[in-house]
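Novice: My structure is below; once you've seen it, I'll send some questions.
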Protein chains: 4
Amino acid sequence: MNKKIPVGVLGATGMVGQQYIRLLADHPWFEVVYVAASPQSAGKKYKEALKSGWLVGGEIPSNVAGLIVGDVANIKRAADSCAFVFSAFEMPDKEAIKTAENAYAAAGMPVFSNASAHRDTPNVPVMIAEINPHHLDIIPAQQKANGWKKGFIVVKPNCSLQSYLTPIHALIAAGYEVEKLIITTMQAVSGAGYPGVASLDVIDNIIPLIPGEEEKTEEEPLKILGELKGGKFAPKKNLAISAHCNRVPVSDGHLACVNVLFGKKKPSKEKILEIWKSFRGEPQTLELPFAPKHAIIYRDEPNRPQPKMDRDADKAMAVSVGRLREDTVFDFKFAALSHNTVRGAAGGGILTAELALKKGYLQV
Amino acid sequence: MNKKIPVGVLGATGMVGQQYIRLLADHPWFEVVYVAASPQSAGKKYKEALKSGWLVGGEIPSNVAGLIVGDVANIKRAADSCAFVFSAFEMPDKEAIKTAENAYAAAGMPVFSNASAHRDTPNVPVMIAEINPHHLDIIPAQQKANGWKKGFIVVKPNCSLQSYLTPIHALIAAGYEVEKLIITTMQAVSGAGYPGVASLDVIDNIIPLIPGEEEKTEEEPLKILGELKGGKFAPKKNLAISAHCNRVPVSDGHLACVNVLFGKKKPSKEKILEIWKSFRGEPQTLELPFAPKHAIIYRDEPNRPQPKMDRDADKAMAVSVGRLREDTVFDFKFAALSHNTVRGAAGGGILTAELALKKGYLQV
Amino acid sequence: MNKKIPVGVLGATGMVGQQYIRLLADHPWFEVVYVAASPQSAGKKYKEALKSGWLVGGEIPSNVAGLIVGDVANIKRAADSCAFVFSAFEMPDKEAIKTAENAYAAAGMPVFSNASAHRDTPNVPVMIAEINPHHLDIIPAQQKANGWKKGFIVVKPNCSLQSYLTPIHALIAAGYEVEKLIITTMQAVSGAGYPGVASLDVIDNIIPLIPGEEEKTEEEPLKILGELKGGKFAPKKNLAISAHCNRVPVSDGHLACVNVLFGKKKPSKEKILEIWKSFRGEPQTLELPFAPKHAIIYRDEPNRPQPKMDRDADKAMAVSVGRLREDTVFDFKFAALSHNTVRGAAGGGILTAELALKKGYLQV
Amino acid sequence: MNKKIPVGVLGATGMVGQQYIRLLADHPWFEVVYVAASPQSAGKKYKEALKSGWLVGGEIPSNVAGLIVGDVANIKRAADSCAFVFSAFEMPDKEAIKTAENAYAAAGMPVFSNASAHRDTPNVPVMIAEINPHHLDIIPAQQKANGWKKGFIVVKPNCSLQSYLTPIHALIAAGYEVEKLIITTMQAVSGAGYPGVASLDVIDNIIPLIPGEEEKTEEEPLKILGELKGGKFAPKKNLAISAHCNRVPVSDGHLACVNVLFGKKKPSKEKILEIWKSFRGEPQTLELPFAPKHAIIYRDEPNRPQPKMDRDADKAMAVSVGRLREDTVFDFKFAALSHNTVRGAAGGGILTAELALKKGYLQV
């Protein structure tokens, strides 16, 4: 791999798009050569197209700052320059996003999407690289069903579930079925994009509602943990999840308080810790560039994980877990945290693309 | 009641003590005539004894600002001037608080305590005036057991449970047994007193631990909801509670996310709303001065209750509840909020004293 | 005054409009009988027209909640029901606001405006009731110039200057000319309206720019402190003001740090304190309902005024001042604070209307 | 330099001490081999001696975590293992710190101190490496006066002035005398150490007082900018500074709003920008490891510098400046920002030690 693979970012001027560009700045395999946004931004230099400025810290990577923004509707331009694209669309209209992503796939471009539009599409995998790497194996069936040749669509799940689902998956993978989960999330404002949450709403306050978020937190895990059989996903059975999702005055990092009820086979506290501390997913085995060394970091300190202290753990890609203790109602309870705009968004998308490359689904 | 009843505040210079003094400034029945604190403060004018200043807003009530602070060890001085005392001790040593409160009771002074020292004492009632007003009936037995004549000790529970317990009690009182509760609290920094939580710990952060708080949140309700039989409290049976307690960057107001599993008899959503909206406790019936008109305020807006918007509802004495919805794991879930230093501390203590007076336990 | 004077609120659904409605709920003289907003809101019940809900605390006053919102373009409806209107327009287009306010005035309605559109209009007074009550005397000339009979337009200044200008005026009024002022403000997010400042911009952050605010802070005082001569305002001479305006993570309350250079006649520190403590404006003399008892409250504590502790002083209408000390560069320096959405916006507008009524400019 | 120079940290368990240890973790020249603290901590492993935990992010460097903490009174142990020490004492008693630092110097140890104790000592230089590197030349005179051989004491100034003083120095160094400075700082809570500022004091609030801070901000620059002549420092003449220092709800990063009056020779705006953009101090020339590439980074965006966006610029060692504009009262005004616990504390101390090494004052 002497030469980097050219990639594009759709919706490049929004906050998630910026995050992709920031994270890809020094990527060993991928290089951003194309950025696309709405017609209003098209034709401008990238650095001049950012209406609210560069929101994600540091400086705009110099190789992107001067790129001329393309119109997202101009698929040919993307196809001519990129091997695949990251979709960071922030349009309110889900159907429009679906249509756009389909058009890119139809034009031969693999699409790694941050948008929620395709999460319900039966043959689109919802990926957390450490949990369901084998779900990428649906790609040929997806291509066939759509008549696509090289293109395909892969999405990432909602950020609200990425703190607790990897630790839960590790337990299931170790042979301990989980029957019930009750979860309360405390979610950072960056999860709402920019400008997102009004400061008047969160200074000295908590908002106990994030519209649509509880449903996603309860339902998406069933697909992610489900089986891929006969070209489709069978949702995980016998697992019920309940979620309260709160918006808190924190900039980055979603924290979840979790109660777990196991099935008949119940691990001890020591066993759970052992499982978490030794957990390795395929990204770790493959030593993918964006893979955290440990997908799960267990903190022994009694008052961790905390957003400010733990969100940036291992390039902001690790899930930090703590406070595992026996529960008076279910079996165990714990707290878990992940960085919502890196692990839970752009970083997770990049990791999935790395995985797809290594598994041979990217013809580059 | 032409003349107000003279009362004292012990631990008057701390934040809870200040809150008592602020709230009692215009009380129709009670008047603060005596304030006591540690020997270091004794002998000074109250306004000059406040090392960290007046922390609770507005100005120091003029009738208290000039009072000479007494030494809490000087029980006689209190007994000579007050009909009863509010205890707002903030000493770290629980045994010392117990000893001090016992000494006041032994000297003939009813003690309404904010401290946790006596919450486990079998014959000391832990009061939420709307829930267990009949628990005051243990007073004669308590006095007899201790050889006290007029004095007694009554305490308030931890602030963390005062958001959700009144709504749960209302359901039980309406005939719907509750079997399991899973709760996550998001608690304001004022709950830790002053200086309390370091700003570096909560700016842009959440702390998922408040030492000792989860145990209190899980256990104290069983006593409060328990039966008073044969001169002692039998804890509520067949109710299991699990709590996660988090410290959040909010000044006042504890918010709880609650999942409820009922026993065999399960109310509908409409029934629950009807129960909450019509709930009246004895403080409401007696129209006590500090009683909120509605002990439970149900908010129909989908994003309420919120600390900043709802903590001050009805003199900061009402519990605000919202987001009642069916649950995928238990039966229902909801969010509840109360003002932790008013409803959950000083205001609750004053309401209990009003109740005790009306029920004839204060000989004034 | 047996019957209250009927008033209208234009732009009633925005945050300043809501603040007017909240503050007028129990006004002894005025009663809101009419609310107007954009065509999208017109025709709905007020409580249902609030897209972002009721943002200003407590509940929507019951006498307004059910009013049918009028279209601001329907001036006749306002004229038929109201003696005068408060304008809380939040349109971005200043010319449109001018046109609208002129139309109301032309239709015979006095307009007390919160908008900045008319602040530069030569014959429109920019009012702080304690500072320039005599500026209302331009009203007849304004009416004549415009051919208006009963209608007129009066505006309030920018909120950023309302913390420091009353204390400065008091010194000038006492005979001490002020030559130079260097000011740094730390302004609350509510000053930007709703949704206003993005939470991502102010959590753990300060923004050292509020577009347009420094210019207003430097220029508007010269008109307010100016002379009314020959039917126009001569700006205050020999006073130079420099301002830095910062947005800080505070919900309400603008704080200013001020350095003052006097002219030749320089007061002592004691003299300044005496002037401030004894200052009374016409609202105090007339005992207007919204007048704070003391327009300036000097705090002796070394660490005051603070937004959270002092913004609500005397119905949030008093200016709190503190930290007066000799300066190493100019003569003195101090800190000053006022509540930006009450004193600095709706409350100030109401006070001006009260003043206009008492001075005979409202024919009701 | 094949082998790293062994160094010690005094007061190693406090927040500044932790910051030194974090920053020195991978230092190319220096290695922490010794940590000392109060007798209560002495004898414990470093990681177990941290009462409030590791406060500065990431993990405790592995080479320090297991060091046995020495007693600061045991100077011989330090002298046996370290070439020099960083002093991060947080004792309240200045005289005790002076005595301790003197004892280390007398024992032959150069001391780079973060404490304020020795800032007034006539022959102790107060160092900002980009501004007054030549002040280190007082070391021989200091050693002689005290009868010290290898030991000496060098201190860093208060963090409050490190945002604005380098830009001001650059202008003076370019030949533009500065006569007056009026400054308002907005300082982060980490400046008060840990636990430091109570969260109740800064949530939704500003505190307009930091005791002692304004005096330091006004006086220390005169020594730093002063001449070293005949073995002593002559304070800068004809410069008057006035400061307001505020505590704001920001974790790290001190922001200053500055008004500057030049002497007769006044630069243009373009000239100032040119001076700042081209400014290089001795640390830059020597390419010291902790030197930022540009000591001053000028931000062209109209709303910068901001604490969250700019505090970490160039390893948190650069000063970020912005908003240069002409002033209505003085000549120019601008905003400046530096990271208070890195540039303004531990990082600044390390940079000074690097400078001292390169200038030959450390005999290692």
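Every residue, every condition in (1) in a strand (DSSP E or B); (2) within 14 Å of another protein chain (Cβ to nearest Cβ), yes or no:
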{"site": "D:Glu214", "(1), (2)": "no, yes"}
{"site": "D:Leu228", "(1), (2)": "yes, no"}
{"site": "D:Ile241", "(1), (2)": "yes, yes"}
{"site": "D:Leu261", "(1), (2)": "yes, yes"}
{"site": "D:Lys265", "(1), (2)": "no, no"}
{"site": "D:Leu273", "(1), (2)": "no, no"}
{"site": "D:Arg280", "(1), (2)": "no, no"}
{"site": "D:Gln284", "(1), (2)": "no, no"}
{"site": "D:Phe290", "(1), (2)": "no, no"}
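Novice: Follow-up question, since we're still on this one. Has region A:5-19 got at least one residue that is modelled with pLDDT of 95 or more, under 20 Å from A:Ala106 (Cα atoms) and open to solvent by 30 Å² or more (accessible area, probe 1.4 Å)?
Specialist: Yes, region A:5-19 contains a residue that is modelled with pLDDT of 95 or more, under 20 Å from A:Ala106 (Cα atoms) and open to solvent by 30 Å² or more (accessible area, probe 1.4 Å).
Novice: Do you know which of the residues in region D:70-93 that are assigned to a loop (DSSP other than H, G, I, E, B) and farther than 17 Å from D:Tyr20 by Cβ is least open to solvent (accessible area, probe 1.4 Å)? Give the steps one after another, and end with the answer.
Specialist: Here is the first cut: in region D:70-93, the ones assigned to a loop (DSSP other than H, G, I, E, B) are D:72-74, D:82-83, D:88-93.
Filter once more, keeping what is farther than 17 Å from D:Tyr20 by Cβ: D:73-74, D:92-93.
Working: D:Ala73: 80, D:Asn74: 64, D:Pro92: 134, D:Asp93: 81 Å².
The residue in question is D:Asn74.
Novice: Mind listing just one residue for me: the one in region A:190-206 that is open to solvent by 20 Å² or more (accessible area, probe 1.4 Å) and over 19 Å from C:Ile206 (Cα atoms) and, of those, nearest to the chain's Cα centre (by Cα)?
Specialist: A:Gly191
Novice: Tell me which residues, restricted to region A:217-226, are among the charged types (D, E, K, R) and within 13 Å of another protein chain (Cβ to nearest Cβ). Working first, answer last.
Specialist: Initial filter on region A:217-226 (among the charged types (D, E, K, R)): A:218-220, A:223.
Passing the criteria: A:Glu218, A:Glu219.
Novice: Considering each residue of region B:149-205, count those that are more than 9 Å from chain D (Cβ to nearest Cβ) and in a helix (DSSP H, G or I), and give that number.
Specialist: Count: 13.
Novice: Then there is this: State whether one or more residues within region D:156-171 are of a type outside the set (D, E, K, R), at pLDDT 95 or above and open to solvent by 20 Å² or more (accessible area, probe 1.4 Å).
Specialist: Yes, the conditions are met somewhere in region D:156-171.
Novice: Follow-up. Taking region D:294-319 only, how many residues are out of contact with any Asp or Glu (no Cβ under 6 Å at 6 or more places or on another chain), assigned to a helix (DSSP H, G or I), within 9 Å of another protein chain (Cβ to nearest Cβ) and open to solvent by 10 Å² or more (accessible area, probe 1.4 Å)?
Specialist: 2
Novice: Right, A:Pro249: within 21 Å of the chain's Cα centre (by Cα), modelled with pLDDT of 95 or more and either within 27 Å of A:Ala316 (Cβ to Cβ) or facing another protein chain (nearest Cβ under 8 Å) (or both) or not?
Specialist: Against the criterion (within 21 Å of the chain's Cα centre (by Cα), modelled with pLDDT of 95 or more and either within 27 Å of A:Ala316 (Cβ to Cβ) or facing another protein chain (nearest Cβ under 8 Å) (or both)), A:Pro249 does not qualify.
Novice: Which ones in region A:250-262 are out of contact with any Cys (no Cβ under 8 Å at 6 or more places or on another chain) and open to solvent by less than 10 Å² (accessible area, probe 1.4 Å)? Reasoning before the result, please.
Specialist: Filtering region A:250-262 down to residues out of contact with any Cys (no Cβ under 8 Å at 6 or more places or on another chain) leaves A:250-253, A:255-262.
A:Val250, A:Ser251, A:Gly253, A:Leu255, A:Ala256, A:Cys257, A:Val258, A:Asn259, A:Val260, A:Phe262 - these are the residues of region A:250-262 that are out of contact with any Cys (no Cβ under 8 Å at 6 or more places or on another chain) and open to solvent by less than 10 Å² (accessible area, probe 1.4 Å).
To keep it simple, each residue is scored yes or no on (1) modelled with pLDDT of 95 or more; (2) surrounded by fewer than 21 Cβ atoms within 10 Å (Cβ to Cβ); (3) more than 14 Å from chain B (Cβ to nearest Cβ).
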{"site": "A:Val321", "(1), (2), (3)": "yes, no, no"}
{"site": "A:Arg325", "(1), (2), (3)": "yes, yes, no"}
{"site": "A:His339", "(1), (2), (3)": "yes, no, no"}
{"site": "A:Gly347", "(1), (2), (3)": "yes, no, yes"}
{"site": "A:Gln363", "(1), (2), (3)": "no, yes, yes"}
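Novice: Restricting to region D:55-69, name every residue that is over 25 Å from the mean Cα position of the chain (by Cα) and either in a strand (DSSP E or B) or among the β-branched types (Val, Ile, Thr) (or both).
Specialist: Scanning region D:55-69 gives a single hit, D:Ile68.
Novice: Can you tell me which residues in region B:292-312 are under 20 Å from A:Ile207 (Cα atoms), in contact (Cβ under 8 Å) with a residue 24 or more places away in the chain and not basic (Lys, Arg)?
Specialist: B:Ile296, B:Ile297, B:Tyr298, B:Pro305, B:Gln306, B:Pro307, B:Asp310, B:Asp312, listed by residue number.
Novice: Out of the residues in region B:23-60 meeting the condition of being open to solvent by 10 Å² or more (accessible area, probe 1.4 Å), in contact with a Phe, Trp or Tyr (Cβ under 9 Å, 6 or more places away or on another chain) and free of Cβ contacts under 8 Å to residues at least 60 places away in the same chain, tell me which one is nearest to B:Asn74 (Cα to Cα). Can you show your working first?
Specialist: Taking region B:23-60 as the starting set, the residues that turn out to be open to solvent by 10 Å² or more (accessible area, probe 1.4 Å) are B:23, B:25-26, B:28-29, B:31, B:33, B:38-40, B:42-45, B:47-48, B:50-60.
Those still in the list that are in contact with a Phe, Trp or Tyr (Cβ under 9 Å, 6 or more places away or on another chain) too: B:23, B:47, B:52, B:55, B:60.
Narrowing further to those that are free of Cβ contacts under 8 Å to residues at least 60 places away in the same chain: B:47, B:60.
Numbers: B:Lys47: 20, B:Ile60: 24 Å.
By that ranking, first place goes to B:Lys47.
Novice: Of the residues that sit in region D:215-244 and are among the small types (Gly, Ala, Ser), touching a residue at least 40 places away in the same chain (Cβ under 8 Å) and more than 18 Å from D:Gly263 (Cα to Cα), which one is surrounded by the fewest Cβ atoms within 10 Å (Cβ to Cβ)?
Specialist: Once the filter is applied, the top-ranked residue is D:Gly231.
Novice: Assess whether C:His254 counts as being in contact with an Asp or Glu (Cβ under 9 Å, 6 or more places away or on another chain), of a type outside the set (A, V, I, L, M) and at pLDDT 95 or above.
Specialist: Details: in contact with an Asp or Glu (Cβ under 9 Å, 6 or more places away or on another chain): no; of a type outside the set (A, V, I, L, M): yes; at pLDDT 95 or above: yes.
When the stated conditions are applied, C:His254 does not pass them.
Novice: Return the residues of region B:174-214 that are farther than 15 Å from D:Ser199 by Cα and free of Cβ contacts under 8 Å to residues at least 40 places away in the same chain; say none if nothing qualifies.
Specialist: B:Pro208, B:Leu209, B:Pro211, B:Gly212, B:Glu214 - these are the residues of region B:174-214 that are farther than 15 Å from D:Ser199 by Cα and free of Cβ contacts under 8 Å to residues at least 40 places away in the same chain.
Novice: Tell me which of these C:Ala100 doesn't satisfy, since it passes every other one: (1) loosely packed, with under 15 Cβ neighbours inside 10 Å; (2) under 24 Å from C:Lys45 (Cβ atoms).
Specialist: Against the list (1) loosely packed, with under 15 Cβ neighbours inside 10 Å; (2) under 24 Å from C:Lys45 (Cβ atoms), C:Ala100 comes up short only on (1).
The values are calculated or read from the model by the stated rules, or taken from the named source; none is laboratory data. If you're wondering where the values come from, they're calculated on a predicted model, not measured in any experiment. FYI the Cβ positions are ideal-geometry reconstructions off the backbone, even for glycines, and counts take in every protein chain you see. Note: areas computed on protein heavy atoms with side chains; ligands, DNA, RNA excluded. Shrake-Rupley method; radii C 1.70, N 1.55, O 1.52, S 1.80 Å.
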